[in-house]
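The values are calculated or read from the model by the stated rules, or taken from the named source; none is laboratory data. Keep in mind the model is a prediction, meaning the values are calculated, not measured. Note that each Cβ is placed from the backbone with ideal geometry, even for glycine, and that neighbours are counted across all protein chains shown. The accessibility values were calculated without ligands, DNA or RNA, using every heavy atom of the protein model including side chains. Shrake-Rupley method; radii C 1.70, N 1.55, O 1.52, S 1.80 Å.
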Amino acid sequence: MSLIGNLEEIKIADVLRLFAQGHKSGRLMVTDDEEQTTLRFQKGAVVHANASHGRLSGEDAVLDLFGWKAGQLTFIPEESSVTPNVQSSVDQLLLDGTRMGDAFHRMNEAISSDRVVFQMSGGPAEEDKRLSLAARDWRVLRLCDGSRELRELVDAAKLPRNDVVRALFEALEAGFLEKVEPQKGLRAQAQGLFGKDVAELDLRIEEEWRNLLHFGRGVHRVEVRSGPGRSATLGATFRSGLIREVHLPRNVFAELGLRDGEDVQVKPVG
């Protein structure tokens with residue numbers, strides 16, 4: 001294993017050129033905090049790329065690296081084979097990375113999962129700022145109400161995910177959209193035997209949710225998620241003093257397989 005340096009000192013483009021010229025074979029790992037992207041080389045060609053948590057792979061994982069501002073580079077020489085997922089030549093990767101890598105990385109940071117939520121903003125700071133919209137772009141933006149997650153936008157717009165992501169990113173960069181976080185991480189508590197048949201949350205949470213365009217008149221229902229595939233939608237009431245707790249009816253508590261004090265994700269629903 002050899003430490004090559006840091007992206008603050010050496011550009012990823014220079015590393016790719018150097019490895020191509022030297023016909024290097026092995027693994028290049030680029031690490032920054034909890035993020036890591038691994039490129040596999042065979043005789044100087046990039047044949048496989050994968051980002052941590054499976055977020056990006058193939059050419060997309062390579063392209064994203066061109067937008068990294070920091071990251072430690074470590075190389076392990078080896079001749080082991082791997083199933084290729086990168087088809088582009090190093091020259092093509094360099095061309096695409098130089099042209100689009102920075103914007104592509106910003107897009108992946110802003111839209112990092114299918115759970116992100118957007119709403120129309122108050123508008124860009126520059127009064128003469130313009131955004132050119134195709135009909136399909138407007139179809140996406142009109143659905144951004146501070147409630148729908150990206151996966152729901154894709155379904156509602158009936159467009160390919162890549163088209164939806166591109167429209168969101170361009171509007172976000174121009175200042176016409178803003179990212180919001182309606183989902184709250186709370187501690188679940190079971191209500192008493194004579195509890196209400198609704199979720200009880202702190203009044204300050206409703207005040208935050210009222211800042212979302214879709215919930216300006218208040219929140220009447222919430223979705224509570226305890227894990228993959230486990231969720232329940234029910235009515236909601238609000239009172240002071242609960243802070244970061246959500247009190248749930250006992251039947252919902254059992255349905256979600258919860259224990260007192262266990263963390264859940266709660267978001268408002270229309």
For this session: Under 16 Å from a label point 7 Å along Cα→Cβ of residue 31: give me every residue in segment 52-94 with its amide N that close.
Result: 52-53, 70-77
Exercise. Residues with beta-carbon under 15 Å from that of residue 29, excluding residue 29: net charge, scoring Lys, Arg +1 and Asp, Glu -1?
Worked result: -3
Exercise. Taking 0.36 nm per intervening residue step and subtracting the Cα-Cα distance, what contour gain separates residue 9 from residue 72 on full extension?
Worked result: 21.7 nm
Exercise. Say each of residue 152 and residue 210 gets a label point 7 Å from the Cα, pointing the same way as Cα to Cβ; how far apart are those two points in nm?
Worked result: 2.1 nm
Exercise. What is the distance in Å between the Cα centres of segment 166-199 and segment 228-270?
Worked result: 13 Å
For this session: On each of the three principal axes of the Cα atoms of segment 89-172, give max minus min coordinate, whole Å, ordered largest first.
Result: 42, 33, 23
Exercise. Quick one: what does P(r) look like for the chain with 5 Å bins over all Cα pairs, in whole %?
Worked result: 1, 5, 11, 13, 12, 11, 11, 11, 10, 7, 5, 3, 1, 0, 0
For this session: At 1.4 Å probe size, with every protein chain present, just tell me what the per residue accessible area of the chain comes to in Å².
Result: 55 Å²
Exercise. Of 129/179; 24/69; 129/184, which sit over 29 Å apart, Cα to Cα?
Worked result: 129/184
Seminar exercise, completed: Rounded to the nearest 10, the angle in degrees between the Cα long axis of helix 90-110 and the longest principal axis of the Cα atoms of the chain comes to 20 degrees
Exercise. With Cβ to Cβ distances under 15 Å as the rule, what net charge do the other residues near residue 238 carry (K, R +1; D, E -1)?
Worked result: +3
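Take peptides 146-156, 225-235 and line them up by average Cβ neighbours within 10 Å, highest first, as a rough protection proxy.
Packing proxy ranking, top to bottom: 146-156, 225-235.
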For this session: Go through 219, 195, 171 and say which Cα lies farthest out towards the positive end of the charge dipole of segment 142-222; charges sit on Cβ, +1 for Lys and Arg, -1 for Asp and Glu.
Result: 195
Exercise. Counting only protein heavy atoms and using a 1.4 Å probe, what share of the accessible area of the chain belongs to carbon plus sulfur, as a whole percent?
Worked result: 47 percent
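What do you get when you divide the Cα radius of gyration of segment 138-254 by 2.2 N^0.38 Å, with N the number of residues?
On the way: Rg = 16.7 Å, N = 117, 2.2 N^0.38 = 13.4 Å.
The value comes to 1.24.
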Exercise. So if R0 is 30 Å, what FRET efficiency would residue 102 and residue 80 give, r being the distance between their Cβ atoms, rounded to the nearest 0.05?
Worked result: 0.40
For this session: Per DSSP H run of at least 4 residues, take -39500 (n - 2.57); add these up for the chain, divide by its residues and hand me the 222 nm value, nearest 500 deg cm²/dmol.
Result: -9000 deg cm²/dmol
